[in-house]
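The values are calculated or read from the model by the stated rules, or taken from the named source; none is laboratory data. Source: prediction; values computed, not measured. Virtual Cβ from ideal backbone geometry, glycine too; neighbours counted across all protein chains shown.
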Amino acid sequence: MKEKIENWIRELDESSDVPSDIVALNFGLYETEEGYCIYLTGSEEYDASDDDWACEVDYEPEGNFIELPSGNMDWEEFLEKTKRIISDYLSINAEHLPMFEGRVVTIGFDDGDLSRIR
């Protein structure tokens with residue numbers, strides 16, 4: 001799971017040119033019949049007190065989603081594991097991921113709260 005997510009983020013970064021007016025990126029999560037899906041979108045707006053900013057999708061990179069099997073994880077465990085993987089990867093590789101440079105990054109399930117990871 002970790003390697004698949006990290007490879008996906010690296011591929012997104014290498015193949016995407018994020019417009020300069022995008023101030024925030026969100027890793028959205030939702031459940032599927034086979035497991036979970038992670039997608040990435042961007043917005044020209046960010047409001048730390050109102051997660052609805054993430055509904056204003058102003059940017060969607062090509063290949064912006066990845067499907068992962070559940071591995072018998074419930075949604076809370078999947079969220080925490082995914083949050084840790086992405087947060088660690090962005091921190092360790094910050095200078096090699098210009099897509100995320102200077103932008104707020106959040107993560108969360110579509111029907112839940114967002115957590116800021118950068």
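Can we say residue 43 is within 18 Å of residue 13 (Cα to Cα), without any contact (Cβ under 8 Å) to a residue 40 or more places away in the chain, in contact with a Lys or Arg (Cβ under 8 Å, 6 or more places away or on another chain) and not basic (Lys, Arg)?
no
Based on this model, can you work out whether residue 9 counts as among the β-branched types (Val, Ile, Thr), buried (at least 18 other Cβ atoms within 10 Å of the Cβ) and not in a strand (DSSP E or B)? Outline the logic, then answer.
Working: among the β-branched types (Val, Ile, Thr): yes; buried (at least 18 other Cβ atoms within 10 Å of the Cβ): yes; not in a strand (DSSP E or B): yes.
Yes.
Condition first: loosely packed, with under 12 Cβ neighbours inside 10 Å and not in a strand (DSSP E or B). Can you find one or more residues in segment 77-85 that meet it? Lay out the reasoning, then the answer.
Looking only at segment 77-85, we keep the residues that are loosely packed, with under 12 Cβ neighbours inside 10 Å, and these are none.
Within segment 77-85, none of the residues are loosely packed, with under 12 Cβ neighbours inside 10 Å and not in a strand (DSSP E or B).
Quick one: in segment 23-38, which of the residues that are touching a residue at least 12 places away in the same chain (Cβ under 8 Å) and surrounded by fewer than 18 Cβ atoms within 10 Å (Cβ to Cβ) is nearest to residue 118 (Cα to Cα)?
By that ranking, first place goes to 23.
Step by step: first the residues of segment 47-65, then only those that are of a type outside the set (Asp, Glu) and surrounded by fewer than 19 Cβ atoms within 10 Å (Cβ to Cβ), then the one that is farthest from the chain's Cα centre (by Cα). Which residue is that?
If we take residues in segment 47-65 being of a type outside the set (Asp, Glu) and surrounded by fewer than 19 Cβ atoms within 10 Å (Cβ to Cβ), then 49 is farthest from the chain's Cα centre (by Cα).
Restricting the search to segment 66-76, which residues are in a helix (DSSP H, G or I) and either at pLDDT below 90 or surrounded by 13 or more Cβ atoms within 10 Å (Cβ to Cβ) (or both)?
75
Confirm whether residue 99 is outside any helix (DSSP H, G or I), surrounded by 14 or more Cβ atoms within 10 Å (Cβ to Cβ) and modelled with pLDDT under 95.
For residue 99, the condition - outside any helix (DSSP H, G or I), surrounded by 14 or more Cβ atoms within 10 Å (Cβ to Cβ) and modelled with pLDDT under 95 - is not met.
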